[in-house]
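Undergrad: After the structure tokens below, expect a handful of questions from me.
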Amino acid sequence: MEKQINIRLFKDTLFKGLVCLFAFASALPLFLILYYITKNGIAVINWDFLFNLPRPIGESGGGIGSAIVGTIMLIILSGVISIPFGIATGIYLSEQKKGKLSSIVRLCVIVLQGTPSIVIGIIAYIWVVLPLKTFSAMSGGIALSIMMLPVIIKTTEETLKLIPYHLKEASLALGVPYYKTMLKVILPAGLSGIVTGILLSIARITGETAPLLFTAFGNQFMNLNILKPIDSLPYRIFYYAMSPYPEWHTFAWGASFILVVFTLVFNLIARGISAKWKTQF
Amino acid sequence: MMSNCKSPAGIDRSEKRFTWILTASGAFIVVLLIAIFFTLFITALPAIKKFGLTFLISKSWNATAESFGSLPFLVGTLLTSFLALIIAIPFSISISMFLGEYCKEGAISNFLRSAIEVLAGIPSVIYGLWGIFLLVPLVRSLEMQLGIVPYGVGILTSSLILAIMVIPFSASLGREVISLVPGDLKEAAYSLGATRFEVMKNIVIPYARSGIIAGILLAFGRAIGETMAVTMLIGNSSFLPTSIFSPANTMASVIANQFSEATGIVASSLIYIALVLFLVTTIVNIIGNYVIHKISIEASKEVT
Amino acid sequence: MENTVLRIESFSAYFGDNKILKEINLTITKNIVTAIMGPSGCGKTTLIRCVNRMHELIPGTKVSGEMFLGSHNIYSMEPILLRRMVGMVFQKPNPFPTMSIYNNVIAGYKLNGIRRPRDEFDNIVEQSLKKAALWNEVKDSLHRKGTFLSGGQQQRLCIARALAMNPEILLLDEPTSALDPKSTAQIEELFVELKQNVTMLLVTHNIAQAARVSDFTAFLYLGELVEFGPTEKMFTVPKDKRTEEYLTGKFG
Ligand SMILES: Nc1ncnc2c1ncn2[C@@H]1O[C@H](COP(=O)(O)OP(=O)(O)O)[C@@H](O)[C@H]1O
Ligand SMILES: [Mg+2]
């Protein structure tokens, strides 16, 4: 009896040990990645690197200025396209809890969220690049906006669902029309959640490379025309990483450092907003 | 008194316009998805007509002979994804159990949770870069010790990176399902003198099983569609892989590697692959989400 | 009658096929408090939600019969305009969480896009808060969020918000049921003050409250208006057996 209990207790401890070991081993890659990025990346970062354009191999002093500008442009483009649609669809879903169309829409959002980014890249290529006969920032922005949509829709829906029904009633009882109630009472009450969702979706697409391969394509020159190919951080990292030149490899690390900072900053702001601005009911 | 107000008829119009806009943007998502499907289907049609379904089982991908089959990429995709899942499962289940049962709150679990979240947010292309500089040399030296051609890149390398990438995803799903296990069930078992391990083995895991499986399924959906890191690490070979050390291509990586230069039937064949990839991820996602949805409904019923 | 504010004529309301209100007839005169009491589930909330047509917002509901607000036929006018003439206070205080106290009071104007000069708004805010007996407590923090107030203060803010629109009638759905006894007493005092100028329809399941603040009482039972009359009379010599049983605590 005693022995059996000891065996059971031993198994219990062993299992717990294994769970902890595996759980914490999973965090190890994070530190390795952050270590590599910092070690290899920080050394190349200086003003020239941040502001200069890429230069041919052999010339020193090249940078990722055009890639940073391109990434910011892509964020703005895809945000402008997806935010209004995303919020409107989110409101629609939060208002239509049941109903045939809304459950189909919900299913489509799930499917869209799971669609591989490379497929979306091909779609944007066929829809935008082929008709315009050129790679362009526009096509990249459209591809990325399709990837942002599901995130914005879901967070908007979830946020608005949590807003107490009695707020809506309070507004309607004052004779406020339904659409104004939604726009002036319900949306502001859910604003922090929605903004958080938007920032998280931006964090998600900032590092997306696959949809840009055949759309925004990359450009070693500075370009502000949305109908021309444009550089971007993830594309530049890919380009440098796949090159055979050690110098460009360090550039890839430097650009990675900047990209990770970008995504982390968006994530942190998102968390800060959802913690600080949270509407109290 | 209401001088500055819209007339009731004006309000009515705005009201109608508002609901119309909402419904239209909802419907837009459906149209978008249907359009994606048909765009892929129509542009893949030349290849579909030419190769039919044998495309899926033919193993030659030869541009000069204009004969295309996607078997090498299907096999490459399945091999990398399965291998990645096998590597990832012990880790992600451990995280789920740790965060969902052993250590639900406190500094340590917050730390682990944030680490996992950050890991999930790191861009694919950076995983690829890191893989080139850490995993490729590691796998290469392993290959040298085994006495096989030391490519460094290939299925195993890609699987390792994929595993790291899907761990956060399936772990967060797993944690949710495990924390849905009703407390009174566990307490009943504890009161009978069960150890925590026995409660986990006999109560928690069986109860959460379908959720965990759904999580693995969704992670699989992720893995088969993952593009950049795999593209950078798999070696871009169009031959049927012969071992887990072979360079290969997945469906996603062959598109990423070859679509920019492709024209005519090659492009059409690549889009055919994209269509297959789209359909498979769609099915996997619908099933996985359906299971999760059902579980959360049951859980909410039990609470009330 | 000159003094009639609200006239309800053989009015019925349904949830799906369930007839929740059965042929109600009721006349409310100006500047009095009418209490609607009855056991839980008898249709009190439904009745007052029919007065400002909030009932019809729930899918599957319908009504029959007629209601008049002064000379307006409630069921043939624009619900939006009707609701601006009828104030409503809910069971749970529900100030708008994103607005300041000041903006909460004039929310009916702001949200409806009704413009007024700044000093007129200042005046409306002050008068409404004074009527709601909240002015002294919040006059120095008008631009803070309304959600920082205590529950009782929040409910008085909601009363101020309704009063700011100068409603023809104020509907109150168990406005003190979520509050502590002290806040309840404050709000009851407020009703006694308010009835100089405001017509109130007060739903309560608290018999003592009906006795304390109302002039008239309607007793609703299973969707039927069993008895209606001066409060004192009903509490001392109820006409109907069911009223008597309710008042003596036999059910509900
Ligand atoms: N949303 C609803 N759907 C269906 N029936 C309802 C709904 N709300 C209330 N009811 C029914 O209407 C009746 C009256 O409800 P209510 O007016 O809220 O009662 P009271 O306010 O007197 O407690 C109750 O029997 C209740 O079951
Ligand atoms: Mg009620």
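Undergrad: Within the range C:4-21, how many residues are within 16 Å of ligand 1 (Cβ to nearest atom) and either at negative phi or modelled with pLDDT of 95 or more (or both)? Quick ask: steps written out before the conclusion?
TA: Let us first name the residues in the range C:4-21 that are within 16 Å of ligand 1 (Cβ to nearest atom), namely C:8, C:11-21.
Of the ones still in play, those that are also either at negative phi or modelled with pLDDT of 95 or more (or both) are C:8, C:11-15, C:17-21.
Total satisfying the criteria: 11.
Undergrad: Looking at the range C:44-66 only, could you name the residues that are within 12 Å of ligand 1 (Cβ to nearest atom) and of a type in the set (S, T, N, Q)?
TA: Of everything in the range C:44-66, those that are within 12 Å of ligand 1 (Cβ to nearest atom) and of a type in the set (S, T, N, Q) turn out to be C:Thr45, C:Thr46, C:Thr61.
Undergrad: Which of the residues spanning the range C:18-41 are under 23 Å from C:Ile187 (Cβ atoms), touching a Leu at 6+ places or on another chain (Cβ under 9 Å) and within 14 Å of ligand 2 (Cβ to nearest atom)?
TA: C:Ala35, C:Ile36, C:Met37, C:Gly38, C:Pro39
Undergrad: Please go through the range A:188-230 and give me each residue that is part of a helix (DSSP H, G or I) and within 7 Å of another protein chain (Cβ to nearest Cβ), ordered by number.
TA: Pass one, the range A:188-230, residues part of a helix (DSSP H, G or I): A:188-189, A:191-206, A:210-212.
Residues satisfying the conditions are A:Pro188, A:Ala189, A:Ala203, A:Ala210.
Undergrad: Just give me the residues in the range A:94-105 being part of a helix (DSSP H, G or I), surrounded by fewer than 21 Cβ atoms within 10 Å (Cβ to Cβ) and not hydroxyl-bearing (Ser, Thr, Tyr), in sequence order.
TA: A:Glu95, A:Lys100, A:Leu101, A:Ile104
Undergrad: Quickly run through the range B:245-304 and pick out the residues that are among the β-branched types (Val, Ile, Thr) and more than 29 Å from A:Ala216 (Cα to Cα).
TA: First pass over the range B:245-304, keeping only residues among the β-branched types (Val, Ile, Thr): B:250, B:254-255, B:263, B:265-266, B:271, B:273, B:276, B:280-284, B:286-287, B:291-292, B:295, B:297, B:303-304.
Those that are among the β-branched types (Val, Ile, Thr) and more than 29 Å from A:Ala216 (Cα to Cα): B:Ile283, B:Val284, B:Ile286, B:Ile287, B:Val291, B:Ile292, B:Ile295, B:Ile297, B:Val303, B:Thr304.
Undergrad: Go through (1) over 25 Å from C:Ile114 (Cβ atoms); (2) within 14 Å of chain A (Cβ to nearest Cβ); (3) within 16 Å of ligand 2 (Cβ to nearest atom) one by one and return the number of the condition C:Met54 breaks.
TA: Exception for C:Met54: condition (1).
Undergrad: Exactly one condition in (1) at pLDDT below 95; (2) surrounded by 14 or more Cβ atoms within 10 Å (Cβ to Cβ); (3) within 16 Å of ligand 1 (Cβ to nearest atom) is false for C:Gly41; which is it?
TA: (2)
Undergrad: For C:Asn31, which of the numbered conditions (1) away from ligand 1 (no atom under 12 Å from the Cβ); (2) on the phi < 0 side of the Ramachandran plot fails to hold?
TA: Of everything listed in (1) away from ligand 1 (no atom under 12 Å from the Cβ); (2) on the phi < 0 side of the Ramachandran plot, C:Asn31 misses just condition (2).
Undergrad: Give the range B:96-113 a look and list any residue that's surrounded by fewer than 17 Cβ atoms within 10 Å (Cβ to Cβ) and hydrophobic (A, V, I, L, M, F, W, C), or say none.
TA: Of everything in the range B:96-113, those that are surrounded by fewer than 17 Cβ atoms within 10 Å (Cβ to Cβ) and hydrophobic (A, V, I, L, M, F, W, C) turn out to be B:Ala107, B:Ile108, B:Phe111.
Undergrad: Just to be sure before I move on: is A:Pro84 under 22 Å from the mean Cα position of the chain (by Cα), surrounded by 15 or more Cβ atoms within 10 Å (Cβ to Cβ) and without any contact (Cβ under 8 Å) to a residue 40 or more places away in the chain in the structure I sent? So that I can check it myself, show each step before the final result.
TA: Working: under 22 Å from the mean Cα position of the chain (by Cα): yes; surrounded by 15 or more Cβ atoms within 10 Å (Cβ to Cβ): no; without any contact (Cβ under 8 Å) to a residue 40 or more places away in the chain: yes.
For A:Pro84, the condition - under 22 Å from the mean Cα position of the chain (by Cα), surrounded by 15 or more Cβ atoms within 10 Å (Cβ to Cβ) and without any contact (Cβ under 8 Å) to a residue 40 or more places away in the chain - is not met.
Undergrad: Output the qualifying pairs, or none if there are none: Cβ atoms under 7 angstrom, residues six or more apart or on different chains, first residue in the range B:42-62 and free of Cβ contacts under 8 Å to residues at least 12 places away in the same chain, second residue buried (at least 16 other Cβ atoms within 10 Å of the Cβ) and part of a loop (DSSP other than H, G, I, E, B).
TA: The qualifying pairs are B:Ser60/B:Gly69.
Undergrad: What single numbered condition from (1) hydrophobic (A, V, I, L, M, F, W, C); (2) away from ligand 2 (no atom under 16 Å from the Cβ); (3) under 14 Å from the mean Cα position of the chain (by Cα) fails to hold for C:Met67?
TA: (3)
Undergrad: For residues that are under 11 Å from C:Ala164 (Cβ atoms) and modelled with pLDDT of 95 or more, tally how many sit in the range C:111-131.
TA: 8
Undergrad: Let me ask something else. Do we find that C:Gln155 is more than 23 Å from A:Pro177 (Cβ to Cβ), surrounded by fewer than 22 Cβ atoms within 10 Å (Cβ to Cβ) and at pLDDT 95 or above in this structure? Even if it seems obvious, please write down each step before you answer.
TA: Details: more than 23 Å from A:Pro177 (Cβ to Cβ): yes; surrounded by fewer than 22 Cβ atoms within 10 Å (Cβ to Cβ): no; at pLDDT 95 or above: yes.
Criteria not met by C:Gln155.
Undergrad: Report yes if some residue within the range C:138-145 is more than 16 Å from ligand 2 (Cβ to nearest atom), free of Cβ contacts under 8 Å to residues at least 24 places away in the same chain, surrounded by fewer than 21 Cβ atoms within 10 Å (Cβ to Cβ) and not acidic (Asp, Glu); otherwise report no.
TA: Initial filter on the range C:138-145 (more than 16 Å from ligand 2 (Cβ to nearest atom)): C:138-145.
Adding the requirement that they be free of Cβ contacts under 8 Å to residues at least 24 places away in the same chain leaves C:139-140.
Add one more test, that the residue is surrounded by fewer than 21 Cβ atoms within 10 Å (Cβ to Cβ), and what stays is C:139-140.
If we keep only those that are not acidic (Asp, Glu) too, we end up with C:139.
So far as the range C:138-145 goes, yes, one or more of its residues are more than 16 Å from ligand 2 (Cβ to nearest atom), free of Cβ contacts under 8 Å to residues at least 24 places away in the same chain, surrounded by fewer than 21 Cβ atoms within 10 Å (Cβ to Cβ) and not acidic (Asp, Glu).
Undergrad: Out of the residues in the range B:197-216 that are within 11 Å of chain A (Cβ to nearest Cβ) and surrounded by fewer than 20 Cβ atoms within 10 Å (Cβ to Cβ), state the one that is farthest from B:Phe259 (Cα to Cα). Walk me through it before giving the result.
TA: Keep residues of the range B:197-216 that are within 11 Å of chain A (Cβ to nearest Cβ), which gives B:197-201.
Then keep just the ones that are surrounded by fewer than 20 Cβ atoms within 10 Å (Cβ to Cβ); that gives B:197-198, B:201.
Numbers: B:Phe197: 51, B:Glu198: 52, B:Lys201: 48 Å.
Out of the qualifying residues, it is B:Glu198.
Undergrad: Let me ask something else. Please go through (1) among the small types (Gly, Ala, Ser); (2) assigned to a helix (DSSP H, G or I); (3) within 12 Å of another protein chain (Cβ to nearest Cβ) for A:Gly175 and return the number of the only condition it doesn't satisfy.
TA: (2)
Undergrad: How many residues, within the range C:158-213, are within 16 Å of ligand 2 (Cβ to nearest atom) and either surrounded by 18 or more Cβ atoms within 10 Å (Cβ to Cβ) or not small (Gly, Ala, Ser) (or both)? Please lay out each step first, then the result.
TA: At the first step, the residues of the range C:158-213 found to be within 16 Å of ligand 2 (Cβ to nearest atom) are C:171-179, C:201-207, C:209-210.
Imposing the further condition that a residue be either surrounded by 18 or more Cβ atoms within 10 Å (Cβ to Cβ) or not small (Gly, Ala, Ser) (or both) reduces the set to C:171-176, C:179, C:201-207, C:209-210.
Residues in the range C:158-213 being within 16 Å of ligand 2 (Cβ to nearest atom) and either surrounded by 18 or more Cβ atoms within 10 Å (Cβ to Cβ) or not small (Gly, Ala, Ser) (or both): 16 in total.
Undergrad: Counting only residues that are charged (D, E, K, R) and under 10 Å from the mean Cα position of the chain (by Cα), how many does the range C:193-214 have? Reasoning before the result, please.
TA: Applying the first criterion (charged (D, E, K, R)) to the range C:193-214 yields C:193, C:195, C:212.
Adding the requirement that they be under 10 Å from the mean Cα position of the chain (by Cα) leaves none.
Total satisfying the criteria: 0.
Undergrad: Given B:Ala274, B:Ala267, which one is within 24 Å of B:Phe41 (Cβ to Cβ), part of a helix (DSSP H, G or I) and at the interface with chain A (Cβ under 9 Å from one of its Cβ atoms)? Talk me through it step by step, then tell me what you get.
TA: On the way: B:Ala267 fails: at the interface with chain A (Cβ under 9 Å from one of its Cβ atoms).
Every option except B:Ala274 fails the conditions.
Undergrad: Among the listed residues B:Ala120, B:Ala163, which satisfies the condition of being touching a helix residue (DSSP H, G or I) at 6+ places or on another chain (Cβ under 7 Å), in a helix (DSSP H, G or I), modelled with pLDDT under 95 and closer than 18 Å to B:Ser94 by Cβ? Please lay out each step first, then the result.
TA: On the way: B:Ala163 fails: modelled with pLDDT under 95.
The match here is B:Ala120.
Undergrad: Would you point out the residue of the range A:178-187, among those that are more than 7 Å from chain C (Cβ to nearest Cβ) and aliphatic (A, V, I, L, M), that is nearest to C:Pro93 (Cα to Cα)? Break it down into steps so the answer makes sense when it comes.
TA: Let us first name the residues in the range A:178-187 that are more than 7 Å from chain C (Cβ to nearest Cβ), namely A:178-179, A:181-183, A:186-187.
Now restrict to residues that are aliphatic (A, V, I, L, M): A:182-183, A:186-187.
Working: A:Met182: 20, A:Leu183: 21, A:Ile186: 17, A:Leu187: 20 Å.
Result: A:Ile186.
Undergrad: Report whether or not B:Gly52 is assigned to a helix (DSSP H, G or I) and surrounded by 15 or more Cβ atoms within 10 Å (Cβ to Cβ).
TA: Numbers: assigned to a helix (DSSP H, G or I): yes; surrounded by 15 or more Cβ atoms within 10 Å (Cβ to Cβ): no.
So B:Gly52 does not fit the description; no.
Undergrad: In the range C:154-208, how many are away from ligand 1 (no atom under 16 Å from the Cβ) and either within 24 Å of C:Met99 (Cα to Cα) or of a type outside the set (Lys, Arg) (or both)? First the steps, then the outcome.
TA: So in the range C:154-208, the residues away from ligand 1 (no atom under 16 Å from the Cβ) come out as C:154-170, C:179-200, C:208.
Filter once more, so that each one left must be either within 24 Å of C:Met99 (Cα to Cα) or of a type outside the set (Lys, Arg) (or both): C:154-170, C:179-181, C:183-194, C:196-200, C:208.
Within the range C:154-208, residues that are away from ligand 1 (no atom under 16 Å from the Cβ) and either within 24 Å of C:Met99 (Cα to Cα) or of a type outside the set (Lys, Arg) (or both) number 38.
Undergrad: Please enumerate the residues belonging to the range C:111-137 that are at the interface with another protein chain (Cβ under 10 Å from one of its Cβ atoms) and either in contact (Cβ under 8 Å) with a residue 60 or more places away in the chain or buried (at least 20 other Cβ atoms within 10 Å of the Cβ) (or both). Lay out the reasoning, then the answer.
TA: As a first pass, look at the range C:111-137 and keep what is at the interface with another protein chain (Cβ under 10 Å from one of its Cβ atoms): C:111-116.
Selection gives C:Leu111, C:Asn112.
Undergrad: Kindly indicate whether any position in the range A:113-133 is among the β-branched types (Val, Ile, Thr), in contact with a Pro (Cβ under 6 Å, 6 or more places away or on another chain), assigned to a helix (DSSP H, G or I) and within 11 Å of another protein chain (Cβ to nearest Cβ). Show your work before the answer.
TA: Residues of the range A:113-133 among the β-branched types (Val, Ile, Thr): A:115, A:118-120, A:122-123, A:126, A:128-129.
From what is left, the residues that are in contact with a Pro (Cβ under 6 Å, 6 or more places away or on another chain) are A:120.
Now drop any that are not assigned to a helix (DSSP H, G or I), which leaves A:120.
Adding the requirement that they be within 11 Å of another protein chain (Cβ to nearest Cβ) leaves A:120.
Checked the range A:113-133: at least one residue is among the β-branched types (Val, Ile, Thr), in contact with a Pro (Cβ under 6 Å, 6 or more places away or on another chain), assigned to a helix (DSSP H, G or I) and within 11 Å of another protein chain (Cβ to nearest Cβ).
The values are calculated or read from the model by the stated rules, or taken from the named source; none is laboratory data. Note that this is a predicted model, so its numbers are computed, not measured. Counting neighbours? That spans all protein chains shown, and the Cβs are built from the backbone with ideal geometry, glycine included.
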